[in-house]
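One structure is given below, encoded as structure tokens.
The values are calculated or read from the model by the stated rules, or taken from the named source; none is laboratory data. Because the structure is predicted, anything quoted here is derived from the model rather than measured. Heads up, the Cβs are rebuilt from the backbone with ideal geometry, glycines too, and the neighbour counts pull from every protein chain shown. The protein model used for the area step is the full one, side chains on, heavy atoms only, and it has no ligands, DNA or RNA in it. Shrake-Rupley method; radii C 1.70, N 1.55, O 1.52, S 1.80 Å.
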Amino acid sequence: MSEFTDQDHWKALILYGLNQATYKIALGKTLLSLSDQGYTSVPWDVLSHEFLHQYLQRLASSEAMPQQSNPSRRTKMERIIAERQVDKLSLDQAVNEVGRTAFEDVINRFHNLGNDTSFQDKFYRTNFGRTLELTDELHAVAVSGRSELEEELNARWALLEGAFTMSHERHEHYELANDLRLTYLANGHKRKGLTSNIPFLQGYQGNTCFYCGEPMAPDDIHVDHVLPRQVVHHDEVWNLVLAHSLCNGLKSDRVVGEHFMHKLIARNENIMGSNHPWKARIASSLGGTPQARSRALMKHYDQVKLILRDNYWGGSAFYNPESDPFYTRLITVLNNGSRR
Ligand SMILES: [Zn+2]
């Protein structure tokens with residue numbers, strides 16, 4: 001241990017170890033500030049006031065970020081600050097609340113590094129609920145590396161907030177995606193045999209694969225759900241196209257790029273320009289005008305992207321097998337092979 005300086009120890013405590021919340025960072029800033037102010041024996045209310053001050057500064061702006069990883073909860077400090085901001089707590093009451101409820105974990109664990117407790121009492125000793133006694137080591141560290149340590153604390157605080165924000169967004173995304181999935185499921189229908197649609201779809205698509213644009217042999221025509229059936233749970237004709245079995249299989253249950261949605265919209269408008277009985281069905285599902293249908297279809301597309309998390313076929317929204325020479329050659333070779 002002796003090859004490490006006090007400053008190294010300080011940095012280890014601040015930078016390493018798991019952080020479920022930002023308390024340790026706020027306490028680090030509090031300690032440096034109290035040392036600056038000349039304290040050695042810090043009364044509990046002074047400690048509480050300074051800790052509150054650190055959070056008030058941090059959370060004052062409208063872009064206040066989450067202070068802990070669990071999205072369904074808020075830290076005690078977040079709750080105290082919120083109540084202070086709407087004047088449900090006076091400053092004195094807030095300070096008192098901090099001193100009473102916020103410190104138990106952070107004051108007792110600040111010196112822990114994983115399971116290692118050998119730094120105990122290094123930067124302060126505590127008479128819990130009464131005073132904090134700052135050590136010479138703390139004063140020395142605070143003086144020697146002040147601006148660097150302050151910067152590190154601020155960077156660490158921002159890093160944690162960023163990580164917590166991402167975990168909250170994932171959570172919100174999950175909830176939203178789950179709601180959408182359930183809506184599709186609730187409105188869904190049992191799977192039907194789809195081969196009966198082939199002659200009709202061929203009439204509007206010709207004999208080429210919707211995805212790669214290459215010709216299809218009569219024994220290799222598959223009906224594909226452009227928006228994956230496992231999400232939309234229906235076999236509505238506005239979402240059905242013909243594709244090679246290979247293209248169908250490679251696409252699988254993934255999202256296709258937006259260019260295919262424009263192609264699908266054009267194909268559907270082709271059907272709408274005819275007198276086919278499916279016309280009324282598409283109008284009732286998507287809308288009575290081309291604009292309404294286009295909007296409705298793109299809305300489904302956006303929802304499916306949200307559910308499948310932009311998991312694109314080919315890895316990107318821009319991937320288009322039709323303009324991929326290798327892909328079309330592959331299809332041609334395989335198709336010729338299958339008709340040997
Ligand atoms: Zn194909």
Considering the alpha-carbon set of the chain alone, what are its Rg and its Dmax in angstrom? 31.3, 91
Classify segment 6-172 as rounded, prolate or oblate from the Cα gyration tensor: take a ≥ b ≥ c as the square roots of its eigenvalues, call it rounded if a/c is under 1.5, otherwise prolate when a/b beats b/c and oblate if not. oblate
Putting +1 on Lys and Arg Cβ atoms and -1 on Asp and Glu Cβ atoms, find which of HIS111, GLY288, GLN230 reaches farthest to the positive end of the dipole of the chain. GLY288
Say a paramagnetic label sat at a point 7 Å from the Cα of ARG329, along Cα to Cβ; which residues of segment 226-252 have their backbone N under 15 Å from it? none
Which is the longest run of the chain containing none of the GluC sites (Glu not before Pro) found in DSSP loop states (not H, G, I, E, B) with at most 11 other C-beta atoms within 10 Å? 64-340
So what's the back-of-envelope 222 nm ellipticity for the chain, counting only DSSP H runs of four-plus at -39500 (n - 2.57) apiece and dividing by all residues, rounded to 500? -18000 deg cm²/dmol
Extension reserve of the THR101-ASN115 stretch, reckoned as 0.36 nm per residue once the Cα distance is removed: 2.6 nm
Hey, can you find the accessible area per residue of segment 14-78 for me, probe 1.4 Å, expressed in square angstrom? 45
Filter the chymotrypsin sites (Phe, Trp or Tyr not before Pro) in segment 290-340 down to the DSSP loop ones having no more than 13 other Cβ atoms within 10 Å, then list what survives. PHE318
Highest mean first, what order results for 241-248, 192-199 on Cβ atoms within 10 Å? 241-248, 192-199
Positive-end residue of GLN7, ALA155, ALA266, charge dipole of the chain with Cβ unit charges: ALA266
Could you give the length gained by full extension between ARG130 and ALA60, i.e. 0.36 nm per residue of separation minus their alpha carbon distance, to one decimal place? 22.4 nm
Within segment 95-161, trypsin sites (Lys or Arg not before Pro) in DSSP loop having at most 13 other beta-carbon neighbours inside 10 Å: ARG130
Relative contact order (%) - criterion: Cα under 8 Å, at least six apart; region: segment 195-338: 28
